[in-house]
Protein chains: 2
Amino acid sequence: MAQPRRVSMADVARLAGVSSQTVSRVSNGSPGVVDTTREQVLAAMRELGYRPNSAARALKRGAFRTIGVILFSLASTGNSRTLEAIATHAAHEGYAITLIPVAVPTQDSVLGAFTRLGELAVDGIIVIMEVHLLDAATVTLPPNVQVVVADSDAGDLYSVVDTDQADGTRQAVSHLLDLGHETVWHVTGPEESFASNRRALAWRQTLEAAGRTVPPQLPGDWSAESGYRAGLRLADEPSCTAVFAANDQMALGILRALHERGKSVPDDVSVVGFDDIPEANSFIPPLTTVHQDFAEVGRRCVQGVLRQIERAEHETGTTLVPTRLVVRASTAPPRAR
Amino acid sequence: MAQPRRVSMADVARLAGVSSQTVSRVSNGSPGVVDTTREQVLAAMRELGYRPNSAARALKRGAFRTIGVILFSLASTGNSRTLEAIATHAAHEGYAITLIPVAVPTQDSVLGAFTRLGELAVDGIIVIMEVHLLDAATVTLPPNVQVVVADSDAGDLYSVVDTDQADGTRQAVSHLLDLGHETVWHVTGPEESFASNRRALAWRQTLEAAGRTVPPQLPGDWSAESGYRAGLRLADEPSCTAVFAANDQMALGILRALHERGKSVPDDVSVVGFDDIPEANSFIPPLTTVHQDFAEVGRRCVQGVLRQIERAEHETGTTLVPTRLVVRASTAPPRAR
DNA sequence: CGCGCCGATGTTTACGTAAACATCCAGCAA
DNA sequence: TTGCTGGATGTTTACGTAAACATCGGCGCG
């Protein structure tokens, strides 16, 4: 069934009785082809089922119209939603997306991904990753490939797009303080994560700026399970009336732990998350959380990398995408003593 | 900063003092190059930072070593996890993944995606989608491109890989019946979804096979919100002691609705979900659900499409990936009357 | 009426790679 | 020694496209 050879411009040219260059012009919508000729060529294309060979095109043009995306995992909502936005916007600009998954986030495997990308047909790269793994000293970027990094603070080396972690955190913590809570406890994401560190730092700073005592932070790893473990410990802290979880999954685990220990949310303890995953609205109770605009992050990543490709010029600096607090039913003033 | 031209084999050949063909042999690991020569070439490659040009390679070989993935949305856990598995396995086989997002799942836009893919540099396509949109009469596949479809029943037209929806559903419903429930209610996914229809059908058949009455099914759309609405209606059904939700998100919504109406899970009502998303373990209470092996689905998709590419031969038929019921705390025997 | 210009189309060439074929040389058997 | 064999390496060519340049013919203007 499979034809041994693809239809090439030469075939179309022969059938249409023109030169292959004219076919090329029609194919690219170049001017300088008279309507009648164009029609003949288009008819011949249709008849033969002609499709441009993108490899030859890329070879000739020296550009692939493709962006590579390196990411560590698609498991997190944030990563997949960002990727989706990237894919959509790239498609809109006529760029294709090539995916390079990195199984294990070690320096070596990230390096490997970069190497592979260098061999792949891409004009630019978007890295979605906790990026202290990206050591500029060891990673040699393929020449002529531009990079944008999401979810990182490598703004001095690369062009970075990120959610405004600090402001989102400030909104969350301030919201709890404004409700009248003495202080706010915090369950962190994994140590290696920049987003996690940034949120923890902003939490601490917001408390300090308000002159509150800073309780010890509880370690988590983004998973609901780790939130559950932290929640069990918080349930044993009588002084704890408000918790800020570094993401919604951990908040879910905290809700479960508090529920199992007979603590009411929000009457005994208020809980705030981060991300605003679609399910947050259906937690018990519906979760107050910081909404991240993943679509916007993706959009700006594409914008950034395309701008660099166009100008053939590396950029650095950080773009922050604003967040907003979504208040639902998991927060309330502390129970009167 | 950007070099005007890439390093080509000719440059390496010149520096190493050999012909470009020898460089090509080294680059591809072909035999017939003596060790000393190979070393020289490798050294020259390193010095110049040589990277093979994949466009030229693809042009010469007539194959791209790339698989296109068409998907409607990455928002669902299932899709992203499947995609991740696809990317990982494809990378392992030396294939790259090109992503083609379809913004709106209409016939037209799917067609558009196929057209775009035809122009893109892919050897095969994996479609992750509710696929009655794929009408064989209107979609003309680019020649020489092989297709595998996930999440569909188009097994007579394409090679299909899917979770064993029917058996998973049977396990879920039987589990509830075995616990002693008279019958099982069902909250469905969206009408247009094959997975949803398959689950609803299997639910009905399992009940009928056990000689139970089949309650009316409640419509949902995969979202937790729709589960919540269905849950509110179920809370008003005194006869309802067991619910099978077509996915975990809707189960979450049901749990919340029942909780708000003062119904205890599992004492008053047992709830089972489908998917086993990571958070299911942290629902209140932890959710009994049907575990889907998305990684395996992805793996088999890649296998299937690579086999077709290799043999240059279209295949049809369906491969089912088994599921298993994960029993947690949301199911129990009905309360004694 | 002829010159030159311009728009439409054709011809040549190069992009970087790798298959096919050609060449060269060392080693070995007659 | 000669001729042959086979492994190592070089040369030619083609993949499909599009830029650059070439050609052709008609039309306006002096």
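The values are calculated or read from the model by the stated rules, or taken from the named source; none is laboratory data. Remember, predicted model here, so these are calculated numbers, not experimental data. Cβ placement follows ideal geometry from the backbone for every residue including glycine, while neighbour counts extend to all protein chains displayed. Quick note on the areas: whole protein, heavy atoms, side chains included, nothing else; ligands and nucleic acids left out. Shrake-Rupley method; radii C 1.70, N 1.55, O 1.52, S 1.80 Å.
From B:Arg25, B:Arg38, grab the single residue that is near DNA strand C (Cβ under 9 Å from one of its atoms), more than 26 Å from A:Gln146 (Cα to Cα), open to solvent by 40 Å² or more (accessible area, probe 1.4 Å) and of a type in the set (D, E, K, R).
Numbers: B:Arg38 fails: near DNA strand C (Cβ under 9 Å from one of its atoms).
Matching residue, one of B:Arg25, B:Arg38: B:Arg25.
Filtering segment B:288-337 to residues that are of a type in the set (A, V, I, L, M), touching a strand residue (DSSP E or B) at 6+ places or on another chain (Cβ under 8 Å) and in a helix (DSSP H, G or I) leaves B:Val297, B:Val302, B:Val305, B:Leu306, B:Ile309. Checking each residue in segment A:308-318 for being within 14 Å of chain B (Cβ to nearest Cβ) and either within 16 Å of the chain's Cα centre (by Cα) or over 17 Å from A:Arg61 (Cα atoms) (or both) picks out A:Gln308, A:Glu313, A:His314, A:Glu315, A:Thr316. Apart from one condition, A:Glu93 fits all of (1) within 16 Å of DNA strand C (Cβ to nearest atom); (2) within 30 Å of the chain's Cα centre (by Cα); the exception is (1). Taking first residues from segment A:51-64 that are more than 8 Å from every other protein chain (Cβ to nearest Cβ) and partners that are open to solvent by less than 40 Å² (accessible area, probe 1.4 Å) and more than 6 Å from DNA strand D (Cβ to nearest atom), the Cβ contacts under 7 Å between residues at least 6 apart in sequence or on separate chains come to A:Ala63/A:Asp123.
Quick check on my filter: what residues within segment B:33-50 are within 14 Å of chain A (Cβ to nearest Cβ) and without any contact (Cβ under 8 Å) to a residue 12 or more places away in the chain? Steps first, answer last, please.
Of the residues in segment B:33-50, the ones within 14 Å of chain A (Cβ to nearest Cβ) are B:45-50.
Selection gives B:Arg46 alone.
Criterion first (surrounded by fewer than 24 Cβ atoms within 10 Å (Cβ to Cβ) and without any contact (Cβ under 8 Å) to a residue 12 or more places away in the chain) does A:Asn281 satisfy it? In short, no.
Looking only at residues that are out of contact with any Asp or Glu (no Cβ under 7 Å at 6 or more places or on another chain) and outside any helix (DSSP H, G or I) in segment B:51-64, which one is surrounded by the fewest Cβ atoms within 10 Å (Cβ to Cβ)? Reasoning before the result, please.
Filtering segment B:51-64 for residues out of contact with any Asp or Glu (no Cβ under 7 Å at 6 or more places or on another chain) gives B:53, B:55-62.
Cutting the leftovers down to outside any helix (DSSP H, G or I) gives us B:53, B:62.
Values: B:Asn53: 20, B:Gly62: 13.
My answer is B:Gly62.
Does segment A:300-314 contain at least one residue that is buried (at least 18 other Cβ atoms within 10 Å of the Cβ), more than 30 Å from B:Trp222 (Cβ to Cβ), in contact with a Cys (Cβ under 8 Å, 6 or more places away or on another chain) and of a type outside the set (Phe, Trp, Tyr)? No: segment A:300-314 contains no residue that is buried (at least 18 other Cβ atoms within 10 Å of the Cβ), more than 30 Å from B:Trp222 (Cβ to Cβ), in contact with a Cys (Cβ under 8 Å, 6 or more places away or on another chain) and of a type outside the set (Phe, Trp, Tyr). Of all residues in segment A:74-96, at least one satisfies being more than 7 Å from chain B (Cβ to nearest Cβ), within 16 Å of DNA strand D (Cβ to nearest atom), free of Cβ contacts under 8 Å to residues at least 40 places away in the same chain and open to solvent by 40 Å² or more (accessible area, probe 1.4 Å). Of all residues in segment A:191-203, those satisfying the criterion of being open to solvent by 10 Å² or more (accessible area, probe 1.4 Å), free of Cβ contacts under 8 Å to residues at least 40 places away in the same chain and in a helix (DSSP H, G or I) are A:Asn197, A:Leu201.
Working carefully through the options A:Gly180, A:Gly231, find the one that is in contact (Cβ under 8 Å) with a residue 24 or more places away in the chain and within 14 Å of chain B (Cβ to nearest Cβ). Before the answer, list the steps.
Values: A:Gly180 fails: within 14 Å of chain B (Cβ to nearest Cβ).
Unique residue meeting the criteria: A:Gly231.
Give segment B:149-190 a look and list any residue that's in a helix (DSSP H, G or I) and over 14 Å from B:Leu320 (Cα atoms), or say none.
Quick first cut of segment B:149-190, residues in a helix (DSSP H, G or I) only: B:165-178.
Of everything in segment B:149-190, those that are in a helix (DSSP H, G or I) and over 14 Å from B:Leu320 (Cα atoms) turn out to be B:Arg170, B:Gln171, B:Ala172, B:Val173, B:Ser174, B:His175, B:Leu176, B:Leu177, B:Asp178.
Would you confirm whether any residue within segment B:16-32 is more than 12 Å from DNA strand D (Cβ to nearest atom), more than 9 Å from chain A (Cβ to nearest Cβ), under 30 Å from A:Ile309 (Cβ atoms) and not polar (S, T, N, Q)? Spell out the reasoning first.
Just the residues of segment B:16-32 that are more than 12 Å from DNA strand D (Cβ to nearest atom), to begin with: B:27-29.
Still in the list and also more than 9 Å from chain A (Cβ to nearest Cβ): B:27-29.
Those still in the list that are under 30 Å from A:Ile309 (Cβ atoms) too: B:27-28.
Add one more test, that the residue is not polar (S, T, N, Q), and what stays is none.
No: zero hits.
Checked against the criterion of being at pLDDT 85 or above and within 14 Å of chain B (Cβ to nearest Cβ), segment A:186-202 contains one or more residues that satisfy it.
Out of all the residues in segment B:266-275, is one or more open to solvent by 30 Å² or more (accessible area, probe 1.4 Å), more than 12 Å from chain A (Cβ to nearest Cβ), at pLDDT 95 or above and within 30 Å of B:Val69 (Cβ to Cβ)?
Within segment B:266-275, the first condition is being open to solvent by 30 Å² or more (accessible area, probe 1.4 Å), and the residues that meet it are B:267-268.
From what is left, the residues that are more than 12 Å from chain A (Cβ to nearest Cβ) are B:267-268.
From what is left, the residues that are at pLDDT 95 or above are B:267-268.
If we keep only those that are within 30 Å of B:Val69 (Cβ to Cβ) too, we end up with none.
Looking through segment B:266-275, none of the residues is open to solvent by 30 Å² or more (accessible area, probe 1.4 Å), more than 12 Å from chain A (Cβ to nearest Cβ), at pLDDT 95 or above and within 30 Å of B:Val69 (Cβ to Cβ).
Here A:Ala13, A:Ala63 are screened, and the one residue that is farther than 21 Å from A:Val305 by Cα and either within 13 Å of DNA strand C (Cβ to nearest atom) or not acidic (Asp, Glu) (or both) is A:Ala13.
Taking first residues from segment B:206-223 that are open to solvent by 50 Å² or more (accessible area, probe 1.4 Å) and partners that are β-branched (Val, Ile, Thr), the Cβ contacts under 7 Å between residues at least 6 apart in sequence or on separate chains come to B:Glu208/B:Val214; B:Arg212/B:Thr183; B:Thr213/B:Thr183; B:Gln217/B:Thr188; B:Pro219/B:Thr188. Being small (Gly, Ala, Ser) and away from every other protein chain (no Cβ under 14 Å) is the filter; apply it to segment A:1-15 and report the residue that is surrounded by the fewest Cβ atoms within 10 Å (Cβ to Cβ). Filtering segment A:1-15 for residues that are small (Gly, Ala, Ser) and away from every other protein chain (no Cβ under 14 Å), the one surrounded by the fewest Cβ atoms within 10 Å (Cβ to Cβ) comes out as A:Ala10. Note on segment B:153-182: residues that are in contact with a helix residue (DSSP H, G or I) (Cβ under 6 Å, 6 or more places away or on another chain) and within 25 Å of B:Ser239 (Cβ to Cβ) total 3.
Taking the stated definitions as given, is B:Leu234 touching a Cys at 6+ places or on another chain (Cβ under 7 Å) and open to solvent by less than 10 Å² (accessible area, probe 1.4 Å)? Explain how you work it out, then say what you get.
Numbers: touching a Cys at 6+ places or on another chain (Cβ under 7 Å): yes; open to solvent by less than 10 Å² (accessible area, probe 1.4 Å): yes.
Judged against the criteria, B:Leu234 is a match.
Among residues of segment A:19-32 that are without any contact (Cβ under 8 Å) to a residue 40 or more places away in the chain and under 17 Å from A:Asn53 (Cβ atoms), those with a Cβ under 9 angstrom from a residue that is near DNA strand C (Cβ under 9 Å from one of its atoms) and open to solvent by 60 Å² or more (accessible area, probe 1.4 Å), sequence gap 6+ or separate chain, pair up as A:Arg25/A:Pro31; A:Arg25/A:Gly32. Applying the set (1) within 9 Å of chain B (Cβ to nearest Cβ); (2) buried (at least 19 other Cβ atoms within 10 Å of the Cβ) to A:His259 leaves exactly one unmet item: (2). Filtering segment A:204-223 to residues that are out of contact with any Leu (no Cβ under 6 Å at 6 or more places or on another chain) and part of a loop (DSSP other than H, G, I, E, B) leaves A:Gly211, A:Arg212, A:Thr213, A:Pro215, A:Pro216, A:Gln217, A:Pro219, A:Gly220, A:Asp221, A:Trp222, A:Ser223.
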